[in-house]
Structures are given as C-alpha cells and as structure tokens.
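The values are calculated or read from the model by the stated rules, or taken from the named source; none is laboratory data. Keep in mind that this is a model prediction, so the values were computed, not measured. Glycine gets a Cβ as well: all are built from the backbone with ideal geometry, and neighbour counts include every protein chain shown. Only protein heavy atoms, including side chains, enter the accessible area calculation; ligands, DNA and RNA are left aside. Shrake-Rupley method; radii C 1.70, N 1.55, O 1.52, S 1.80 Å.
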Amino acid sequence: MTPIIDYMALSALLFAIGAIGVLIRRNVIVMFLAIELMLNAVNLAFVALGRRIGSMDGQVIVFFVMTVAAAEAAVGLAIIISMFRNRETVNADELNLLRW
Amino acid sequence: MPQWLFAFLAALAIIGALGTILQRNLVHCVLGFALVLIDLGVLYMGLGAVTVGFLQIIVYVGAIMVLFLFVIWLLNIQADTGVRGGASLSLKLVGALAAAALAAELFVVFSHAPKLREVRTIAPAFGSVATLAHVLFSRYLIAFETTSLLLLAAIVGAVALARRLAGQSAEVAAMPSQPGSAARESRREVA
Amino acid sequence: MRRRAHTQRLLASDSGVTIELVIGAIKAVVIVLLVLGLTTLMLWFERKGSALIQDRIGANRADIFGLGKRLGMPNFGVINTVLADPIKMFTKEDFVPDGADRFLHGLAPFLALFPVIITFAVVPMGDILKIGKYEIDLQPANLNVAALYVLATIGIGVYGIALGGWASNNRWALLGGIRASAQMISYEIAMGLAIIAVVVTYGTLDLQQMCRAQGGVWFGFLPRWGILLQPVSFLLLLISGMAESKRVPFDLPEGESELVAGYFTEYSGGKQAVFMMTDFAEVLLVAVLITVFFFGGWQVPWLYRDGFHFPGGAAWLLPNLAVAILQFVAFWIKVIILSCLQILIRWTLPRLRYDQLMRLGWKGLVPLGLLNLVATAFVVVAAGGK
C-alpha cells in the first residue's frame, strides 16, 4: 500500500509544474492547460485526503471541480476564439490594449 | 495500490505534465495533458474513488481535451516558440524558483504531518457509484442542482462569445494548421 | 520489508492464486481471439454481402495453387479475405507523407483500435461455469462499474481518429478527423443517455448483473429481455452506435466523394488495416452492447441454471457444462446477427448530409434520450425500485 504522503508529494509536484507553466509560457492555450493541471493536482490531494479521513467529501468536491472545469473550458475557449478573431494572436503579451 | 505501480504512474504523470508545459506544438501539449488526466483517473481508482476516476476519464479526456484540440485546429495556431521567447528570462527564472520553493515548502509541510504516513483500509463500498450518489443527492443536493445552472450559463456564454457577428470576416482560421504546414506557408510565429 | 512479506505470502499460498491467474489469462486470450476472428468474419460477410446486395460477384479469385478449383469447390472468397488481403496489406510499403508527425502518424491507428479491444474485457459471455471446485465467471473482468468503463473507453476512442487525421499533414485527412471527432462526441451523448436509461431500469452498472436480471419469463412464456422494457433505448443505442462506428449512413469522416478517404487518406498497408479493423471491431462492440443491454446477453429463452423449463411445464435438465456452452454460443450468435444487421443497414441507406447528421444527433436523439430517461426514472420510482 502506498501511504497518502506519496500522493500528496505527487500532487505538490504537479501543482508546481502547472505554476511554472503559467509563468514561462505566453501562449494562452498552454497557460489554460497549465491552470487545468493545477486544478487536477489539487483534485488528487482532495481524493487522497478524503480517503485518509474516510470521508466522501473529497470526492464530491472533485466532482464539482470537474463540472466547473468543464464550464470553464467552454467559456475560456470561446473567449480565446473571439480573441483570436479580433487580434489574430493567442500570445498573452500581445493583448495589451488596456495597458499603459 | 502497490508501491511499484504508484511509482510508475507518478513518473508517467510527471512526464506528461512536463510535456504539457515544455513542448512547442500545441497538439503535443494537449496530448501530454491528456496523459496526465488518464493517469490521475487511474490513481483515483487506486485510492478507492472508482466513480470519480471513470468520470475524470469520460469528462476530462473524452470531452474537454477534445474541445481543446478542436479550438487549436479551428484557430490555425502554428507551433509556437515554446519556452523560448515571450516573457523575459529573469521573470522565468524567478517563476521557476518560486514554484520550486512552493513545491519544497509543501514537501516540508507534508513530511511534518505524521498522520499522512499511516495506511488505512477502507470499506469496499467507499467511492462506489451508490455511495457517491447518496452523498451528492443528500448533503450536496443544492450545490448539485446549482451546478446544472452553471453549466447552462456556460453553454449560453460560450455560444454568445464564439458566435460570428454579421460583418466579421470569415477568413481568419481559413484552414487549421498541421505538422508540415509551417514548411509550406510563410510561418506565422506565435510567441 | 512489506514487499518481502507480500512475496512470501504469494509463494506460500497454495496454487489457488496461480490457477486464478491462469483462468484470467485464458479468458483474456479467448475474448481477444474471438473478437479478432469475428472481425475477419464480418469483413468477409461485408464483402460478399455487399456484392449480393449490389448484384456483383465479389471476392472470388484467390486460391491456393488452384486447389479449390481442382477439387471443384465453389470459391466463396474466404481465402481472399482471410489470407490474401491481409498478406497484401501487411507487405505494402508503409508510407508516411512528407511533413507528417511521424510519431503520432504511427501511433494513431493503435490509439484507435486499443480502446475498442479493451472494452470487450467487461463483456459477460456466460454465467458461472463450474469445473471441479472452481467457479469460473465467464466475464473476463468482473467490474461493478462496467457501464462507466464502457463509456470511458468509447470516449478515449476519439483520439486515434482525430490525431490520425491531423498527423497526416493532409487537408482532407484533417477535415475527416475533425468531422469524426465532432460526430463521435455528439453521438456519445445519445449513447450515454441510452445506457443510463438501461442502468436505471436494472439498478446496476454491472453487465453481468444486467444479464442475470434478464433471465426468467413474463406471463409464463415471454423472455424477460431488455428490449421489451426499453425499446426507445434500443433504437437510440443502435443509431448512435452506428454513428460511433463511422459507417454509412454516418460515414462523413470518410466521405469518399468529398474527402478522398477522410482521416485515413494518408495511411497505407498495415496501419490502414488497423483502422479498418477498428471499424469492424466497433461494429462488433455495438452488437455486443445491444445484446447485453436488450437481448438478454447470454440468456437462452427458458434456459435456467439447471436446464430448460419450457412454458408448457416440460423440463429438460442439463449439466452445468452444457448450460454454459449453450449460453456462450447463444451470446455470440446474437452478436453475429446484430453485426450482420448493421452491415445490412450500411449497404441499404445513403449517406446523410453533415447538417442532417448534427440535427439528428442534437435535436432528435438527445431530446428523445432525455425524455426516455425521465420517463424511465418515473416508472422505476413508481414501481418502487431502488
């Protein structure tokens, strides 16, 4: 049996990788994927800790996170599409119309 | 879950995660992430959360990731410069160091939680469809019903945002990009 | 330390574990061989059947040293399908177009075939078979969430097709891949609704339990098959299943007249053969699912664990082995009949237009499936189900 701490370590590592992804990539789609990666790292922690305390709440929260992620992906990708239509770029640095 | 299986799955997840953030081709990034998602689904099953594990694969891998692929092909996004280009090197270095520090801090915190090292057995029904449904439809009923509202709002919002208004040109995204199209066409780099 | 203890336990335990493993391996091998064999059979039926429907002769040339001719046997094209064409396909040049993503181009066909094949792991091919002191469940993997597993593997199946189209570096192939993924995602919803209605009816996600629930009779003679409880679901699953397998009338991803050959335009030889096998394996999978959900799975009418009990009251008792064999054979006969039905539909109907396809999926099947699900739920609650 694998102790829960191993799952937590993996979760932390994945979260860190996701955070690095958001910081070093400027492509909004990759940034979006990196954010989803962080969400999933947290999901893993929820499931692992839920098992540790023998409660279903962790899994329920993961279920809700998944639903929210689906909604987020639909709206987020729609935003990316409309952004690309207007500016022809998916580079976050070039979207600087409101910057001064 | 036996230790060797966990080690294998963890290694696979980390490889997939690194692939997601480091590869230049967006389709490869999405595939790397799909690998992570399937892998996490299997890990959930190993933790006894069988239903959630399968839902993860059905919803995330079967639907959301395909949506990502769709958008990438629809927008004709060429392979970008990957980790080179974009933000300045110093920002990246600071970011990477901060993330590494975050991971290290989490490791330290976890290693000081002795209860995380205990192994506990669980009831066989834990994580089954019936158990999850029972919790969802009793204690979390309101939240569950609100989720349907959220999804409806998301659908309407997505349609409204992605709709092509009258007069907008249809030429953007004429044809999706493919592996070799960069060689054929003048290259449009997306930083 | 823990590992050593585990190993010792493995070694110390009697041969029970080993025999369990051997039984599991045999079940796995049997089902894979059966699926591959039946795939070939379907291929043959498709070629000769379509020839019959279109008033052609069909495959009839290949022969081994003229042996069949000398013996005066009529040539049914079996050698063509089973031997000659596979040899031809697998010895062809494995062509990868210029600028293609070589890795994904090679991976895609297997990414398409693999999820379909592993789905068969949860298919119950019979009830319990008793050999000596061992009770063998004739379901390769006894999974209590099998219906979810089926939905998950079908969901992953999209990737092989979509990536095959993209990695080929060909416009037609990519269009075919995009069409395929849009179509498969759309019809997965109808398929899921059909399966959920069945799950609600039987109150279980376990395919073996579903088959068992379909045993027995109504009114003393009518087999309790699921199609009598869920006729709408049956239609939904048949239509959406055919759309999932991407064959006429839903073959827009291939659309020879518009897209050359769709997502496998740039595939040749062995890889293309794998894509073709995926098609037929999907036909078989749809037939298997329909059999399990709506035609009693391995149930033979009036056959119980101890033998036949006919409606008139007559009985014919049989040993367990005979019952198991009858169930096994009955299951695969049902599957073959339903596969042939799909092939007949394929060669009868014309191809839909893309807007018709989407309208049928989203405005026809999905609302119908939702209504059916709500009605089923009401009936189940009213009948005092779980």
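Note on B:VAL42: accessible area approximately 50 square angstrom, rounded to 10, probe 1.4 Å, nucleic acids and ligands left out.
The relative contact order of chain C, computed from alpha carbon pairs under 8 Å that lie at least 6 residues apart in sequence, is 20 percent. Once you order the gyration tensor axes a ≥ b ≥ c over the Cα atoms, which shape class does the range B:8-49 get: rounded for a/c under 1.5, otherwise prolate or oblate by comparing a/b with b/c? It comes out prolate by the Cα gyration axes. When the convex hull of its Cα atoms is viewed from all sides, the range B:1-106 shows a mean projected area of 8.0 nm².
Once a ≥ b ≥ c are taken as the square roots of the eigenvalues of the Cα gyration tensor of the protein assembly as shown, is the result rounded (a/c under 1.5), prolate (a/b larger than b/c) or oblate (a/b not larger than b/c)?
oblate
Helix C:231-244 axis versus longest C-alpha principal axis of chain C: approximately 30°, rounded to the nearest ten. Ranking C:GLY66, C:GLY177, C:VAL380 by how far each Cα lies toward the positive end of the dipole of chain C (charges on Cβ) leaves C:VAL380 at the top. Counting every C-alpha pair in the range C:98-382, the share spaced more than 24 angstrom apart comes to 53%. Please identify, among C:LEU341, C:LEU129, C:LEU21, the residue showing maximal mean-square fluctuation in a Gaussian network model of chain C using a 10 angstrom Cα cutoff. So, out of C:LEU341, C:LEU129, C:LEU21, the one fluctuating most is C:LEU21.
Net charge near C:SER245, counting Lys/Arg +1 and Asp/Glu -1 over other residues with Cβ under 13 Å of its Cβ? So the surrounding residues net to -4. Basic side chains Lys and Arg get +1 at the Cβ, acidic Asp and Glu get -1 at the Cβ, and with that the dipole of the range C:98-382 about its Cα centre reaches some 380 debye. Sorting C:TYR134, C:TYR304, B:TYR44 by accessible area puts them as C:TYR304, C:TYR134, B:TYR44; the probe is 1.4 Å, largest comes first, and only protein heavy atoms count.
Here's how it looks for C:TYR304: its modeled amide H is under 5 Å from those of C:HIS309, which are all 5 or more places away or on a different chain. Longer than 27 Å from Cα to Cα, which of B:LYS92/B:LYS115; C:LYS92/C:LYS334; C:LYS48/C:LYS92 are they? Say none if no pair is. Long pairs (Cα-Cα over 27 Å): B:LYS92/B:LYS115; C:LYS92/C:LYS334.
Looking at the range A:58-98, the GluC sites (Glu not before Pro) that sit in a DSSP loop and have at most 16 other Cβ atoms within 10 Å of their own Cβ are A:GLU88. The fraction of all Cα pairs in the range C:129-234 landing in successive 5 Å bins from 0 to the largest distance is 2, 10, 14, 15, 14, 12, 11, 8, 6, 4, 2, 1, 0, given as whole percents. Each helix, a run of at least 4 DSSP H residues, gives -39500 (n - 2.57); summed and divided by the residues of chain C, these come to -20000 deg cm²/dmol at 222 nm.
Quarter the surface of the alpha carbon convex hull of the range A:28-89 and you get the mean projected area, 3.9 square nanometres. Reducing the range C:18-85 and the range A:59-98 to their Cα centroids gives an inter-centroid distance of 50 Å. Could you state the angle between the C-alpha long axis of helix C:146-156 and the longest principal axis of the C-alpha atoms of chain C, as a value from 0 to 90 degrees rounded to the nearest 10? Taking the Cα atoms of chain C, the angle to C:146-156 is about 10 degrees.
If you rank C:HIS309, B:HIS134, C:HIS105, B:HIS28 by how much accessible surface each has, with a 1.4 Å probe, what is the order from largest down?
On the way: C:HIS309 70, B:HIS134 130, C:HIS105 0, B:HIS28 50 Å².
Highest to lowest solvent-accessible surface, that is B:HIS134, C:HIS309, B:HIS28, C:HIS105.
Taken along its principal axes, the alpha carbon cloud of the range C:66-176 reaches lengths of 59, 51, 20 Å, longest axis first.
For chain A, the dipole from Cβ point charges (+1 on Lys and Arg, -1 on Asp and Glu) about the Cα centre works out to 80 debye, to the nearest 20. Mind giving me the FRET efficiency for B:ILE142 and B:VAL94? R0 is 60 Å, r the Cβ-Cβ distance, nearest 0.05 is fine. Once the sixth-power term is evaluated, E becomes 0.90. Normalising the average separation of contacting C-alpha pairs (under 8 angstrom, six or more residues apart) by the number of residues puts the relative contact order of chain A at 27 percent.
Applying a DSSP loop filter and a limit of 12 other Cβ atoms within 10 Å to the trypsin sites (Lys or Arg not before Pro) in the range A:13-100 leaves A:ARG99. Along the axis of the charge dipole computed for the range C:174-297 (Cβ charges of +1 for Lys and Arg, -1 for Asp and Glu, origin at the Cα centre), the listed residues C:LEU222, C:TYR202, C:THR291 are led at the positive end by C:LEU222. Charges were assigned to the Cβ only: +1 to each Lys and Arg, -1 to each Asp and Glu. The resulting dipole of the protein assembly as shown about its Cα centre is roughly 300 debye. Distances between placed amide hydrogens fall under 5 Å for C:LYS130 paired with C:ILE136, all partners being 5 or more residues away or on another chain. For the range C:242-320, the relative contact order is 17 percent, taking Cα pairs closer than 8 Å that sit 6 or more residues apart in sequence and dividing their mean separation by the residue count. If you take the Cα centroid of the range C:225-300 and the Cα centroid of the range C:182-214, the two points sit 16 Å apart.
With a cap of 14 neighbouring Cβ atoms within 10 Å, and only residues DSSP puts in a loop, list the chymotrypsin sites (Phe, Trp or Tyr not before Pro) found in the range C:165-250.
Filter output for the range C:165-250: C:PHE219, C:PHE221.
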